[in-house]
1. Alpha carbons only, please: Rg and Dmax for the stretch 68-167, in angstrom.
2. Based on DSSP H runs of at least 4 residues, each adding -39500 (n - 2.57), what is the mean residue ellipticity at 222 nm of the chain after dividing by all its residues, to the nearest 500 deg cm²/dmol?
3. Please give the contour-minus-distance gain from residue 279 to residue 20: 0.36 nm per residue of separation, less the Cα-Cα distance, rounded to one decimal in nm.
4. Mind checking the dipole of the stretch 102-238: about its Cα centre, +1 per Lys or Arg Cβ, -1 per Asp or Glu Cβ, Debye to the nearest 20?
5. Once the dipole of the chain is set up with Lys and Arg at +1 and Asp and Glu at -1 on Cβ about the Cα centre, which of 102, 211, 183 lies farthest towards its positive end?
6. Taking the Cα centre as origin and putting +1 on Lys and Arg beta-carbons and -1 on Asp and Glu beta-carbons, what dipole magnitude results for the stretch 103-184, to the nearest 20 debye?
7. Can you give me the Kirkwood hydrodynamic radius for the stretch 13-140, using every pair of distinct Cα atoms, in Å to one decimal?
8. Which of these, 109, 172, 197, has the largest mean-square fluctuation under a Gaussian network model of the chain (Cα springs below 10 Å)?
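Rule-based calculations on the coordinates, nothing more; no lab input. Note that this is a predicted model, so its numbers are computed, not measured. Reconstructed Cβ throughout: ideal geometry from the backbone, glycine too, with neighbour counts over all protein chains shown.
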Amino acid sequence: MKKALITGINGMDGSYLADLLLEKGYEVYGMERRNSTLNRTNTIHLVDRITFLHGDLTDQNSLLRCLKKSDPDEVYNLGSQSFVGESWNTPEHTGDVTGLGALRVLEAIRVYGKQLKFYQASTSEMFGKMEKFANEDTPFYPRSPYGVAKLYAHWITKNYRKSYNMFNVSGILFNHEAERRGIEFVTRKITDGVARIHLGLQDKIILGNLNARRDWGYSPDYVESMWLMLQQDKPDDYVVATGEIHSVREFLDAAFNVVGINGWDNYVEQDSKFMRPADVYYLAGDSSKAQEKLGWQRKTSFKEMVSKMVHNDIELNNGSSSK
Ligand code: F7E
């Protein structure tokens, strides 16, 4: 039985990846930070099925301890301060967790000494300012402290691959969303808001830049690509994307459509507090290499994803009281 250690187990991707690996017969270990309140909304169903380990990407020795306790064949580094907007408020913390955190995991693996496979969650935010579909050869131009931190993690992953002959891969994943997405991200903020408007619990959704365009895929489809990358004979980096771009406005159209509302002008307002000091206006990916070499394919369309998220939020909000 293969063993996997996932950092960031309680996040959206961490929890979906754990589901996938359990289906494949893995023994799964999930690293979480100790908190005075448990943060297991996404992993409550996994409590008796995986082993939770306390560790922190800012604490080198805790990472080595997690490796010793789990003795994994595969390590997935999904933990990070992943909210781009927040990275301007806490740039140093973001650099520490998201950038140096990856280095610490790599150092722990190097010191532990076992030949295992390592996945680094890289991101389209490293491309930042771009105009065309990006692939693995597109130059990086990050536009946020988060993007810069992720770029460090990306390069140190490559550097350790070369320097120490480690099996390190980076998945450069474009935006991916799902029912377990954090509420602060625009997609879930919209689907939750639409659900609450539909149920009469809320009047408006307050947003920032409606013109931003993203290549939005479905997280359960994307975690499969992570696993596929680690099943290859040689380590490499891959872009994972749908190749389909929608604006925040189009996301609003699709989400309101699910509840039968065709014009949303009366339900949406903009507030400058949700605007970023430097936004990424356009992100679109070319995942030809992942499709050819990994045989990866998206399974869920944009429309299906939005519909799943809205229906899930209607179910979750049903019975709630108004804000
Ligand atoms: O913003 C605009 C916002 O926060 C998307 C993370 O998973 O994907 C994600 O980063 C767009 C931006 O995601 C609001 O300005 C408008 O242009 O949902 P988001 P993100 O920044 O693209 C990448 C690939 C990652 O790696 C990240 O970890 O939507 N927007 N109004 C808003 N965004 C938010 N959050 N809230 C608003 O009210």
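1. When restricted to the Cα atoms of the stretch 68-167, Rg and Dmax are 14.2, 45 Å.
2. One gets -10500 deg cm²/dmol as the mean residue ellipticity at 222 nm.
3. Result: 89.9 nm gained on full extension.
4. Magnitude of the dipole: close to 400 debye.
5. 102
6. In total the dipole reaches around 380 debye.
7. About 16.2 Å for the stretch 13-140.
8. With Cα springs under 10 Å in the chain, the top fluctuation among 109, 172, 197 is at 197.
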